[in-house]
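Every number here is computed from the coordinates shown, using simple stated rules; none is lab data. Being a predicted model, the structure only gives us computed values, none of them experimental. All Cβ positions, even for glycine, are placed from backbone atoms using ideal geometry, and neighbour counts span all protein chains on display.
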Amino acid sequence: MSVLFVCNAGPEVGGGHVMRSLTLARALQARGVAVSFLCPPAVTAVLEAFAPDIHRVWAASTEGARIVAAVRTATADLVVFDHYGLDADDHRAAAGARPVLVIDDLADRPLGADLVLDSGPSREPEDYVGLLPAHARLLLGPACAPVRPEFAALRSEALARRTAGAPPRRLLVSLGLGDPGGVTARALEMLLPMTGELAIDVVMGAAAASLSKVRALALVYPQLTLHIDSRDMAALTAAADLAVGGGGSSSWERCVLGLPTLLLILADNQRPAARALESAGAVMALEVAAPGFAGHFEEDLARLLADGRLRTGMALAAADVCDGEGAGRVAEAVMGLLA
């Protein structure tokens, strides 16, 4: 049995689509499935950093027509699409009669899917009415979020420490591999004067927009440690006492480990999930593009640093959102389609 993953990536999109697909791919490999990724240059760059062993099928670009042509001729029993620029016509033209899983967050276009994964905490089946074939099955909510197993392995230890009430010692800053708009350097320039000797772990991609600025800051502030294309995200997340994080798929990783987070909404499609997590008490959310962002950022971060009861409450609420077992649940559903 074989599965082909078709993902989007790039400077504006980031690497989140590839990373969550890779998590599902590993879960399928553990069940004896052969996996491969369609690899235009932007996807290849992410896989080179995080999964050089994964089999690749060459594609010239992430543009729809080129993807359709490449998938048509690729060998696979099932196709997984994690690409918001493709719709039902593209899915069916590319996959033909092969079953299809679409990983989605938007519910904004027709999907040619037999199975749809949308891990947004506010997503309801009604959101997909009229967008799917009648037989399509939905996997909804954070219980289905693909999270790497190393996060669940650290969950008990991390939650025990989060609820002990100790003052914060480590801050994790992780705003996406692509660092849209250089937001990482911007956030660091605001928070460094507020954090004293607090240890700060900063995670960025090798092509991040503000990497050179962050390197310069690391030379000035010895408490700042820069991690480029880190493969140790589970350990870094578990070690942190609070985070400034993006609103993508890393939200579920932080929830698994109950990490209190000031979540920065970096794109419109992140807003519904971020606001739902905020309503659940799991995060404090801010829109980077909103007026007065800098003042709100400093005010919210100050609260998180000072209020131990707030951090404990957020940790417990976040842990209730996601248990980290979603990749296995989705993999079992895929195995059912393959069968």
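Expressed as a fraction of 2.2 N^0.38 Å, the value expected for a compact globular protein of N residues, the C-alpha radius of gyration of segment 19-87 is 1.07. Across the chain, the volume of the C-alpha convex hull divided among the residues equals 121 Å³ per residue.
Just the Kirkwood number for segment 149-321, please: inverse of mean 1/r across all distinct Cα pairs, in Å, one decimal. It would help to have the intermediate numbers written out before the result.
Details: mean 1/r = 0.0634 Å⁻¹.
Its Kirkwood hydrodynamic radius stands at 15.8 Å.
Within the listed set ALA289, ALA42, ALA95, the residue fluctuating most in the Gaussian network model of the chain (springs between alpha-carbon atoms under 10 angstrom) is ALA289.
If you bin all the Cα-Cα distances of segment 236-303 at 10 Å, starting from zero, the percentages per bin are 22, 56, 21, 1.
For segment 190-245, would you read off the P(r) tail past 18 Å as a percentage of all alpha carbon pairs? Don't skip to the answer; put the middle values down first.
Working: 500 of 1540 pairs.
Taking all Cα-Cα pairs of segment 190-245, the fraction more than 18 Å apart is 32 percent.
Kirkwood's formula applied to the C-alpha pairs of segment 141-186 gives a hydrodynamic radius of 13.7 angstrom. Could you work out the relative contact order of segment 149-321, using alpha carbon pairs under 8 angstrom and six or more residues apart, expressed as a whole percent? Taking the mean separation of contacting Cα pairs over the length of segment 149-321, I get 26 percent.
Tell me, in nm to one decimal, what length is gained between GLU124 and THR225 on full extension, where the rule is 0.36 nm per residue of separation less the Cα-Cα distance? Write out the running numbers ahead of the final one.
Numbers: separation 101, 0.36 × 101 = 36.36 nm, distance 4.02 nm.
Full extension from GLU124 to THR225 adds 32.3 nm.
Computed over the chain with a Gaussian network model linking Cα atoms closer than 10 Å, the most mobile of PRO291, PRO121, PRO168 is PRO291. A straight chain from GLU332 to HIS135 at 0.36 nm per residue would run longer than the Cα-Cα distance by 69.1 nm.
With N the number of residues in segment 98-219, Rg(Cα) / (2.2 N^0.38 Å) evaluates to 1.46. Between GLU189 and SER61, the FRET efficiency estimated from the beta carbon spacing at R0 = 30 angstrom works out to 0.30. Normalising by residue count, segment 61-136 has a Cα convex hull of 84 Å³ per residue.
What does the charge add up to near SER122, with Lys and Arg as +1, Asp and Glu as -1, over the other residues with Cβ less than 12 Å from its Cβ? Numbers along the way, then the final one.
Numbers: positive: ARG123, ARG271, ARG275; negative: ASP105, ASP118, GLU124, GLU126, ASP127, GLU278.
That sum, taken over residues with Cβ under 12 Å, equals -3.
What residue among ASP307, ASP118, ASP104 shows peak mean-square fluctuation when the chain is described by a Gaussian network model with Cα springs under 10 Å? Largest GNM mean-square fluctuation: ASP307. Each of SER249, SER212, SER21 was scored by other Cβ atoms within 10 Å of its Cβ. Listed from fewest to most, they are SER212, SER249, SER21. Histogrammed with a bin width of 10 Å, the alpha carbon distances of segment 1-133 distribute as 13, 47, 34, 6 percent, first bin at zero.
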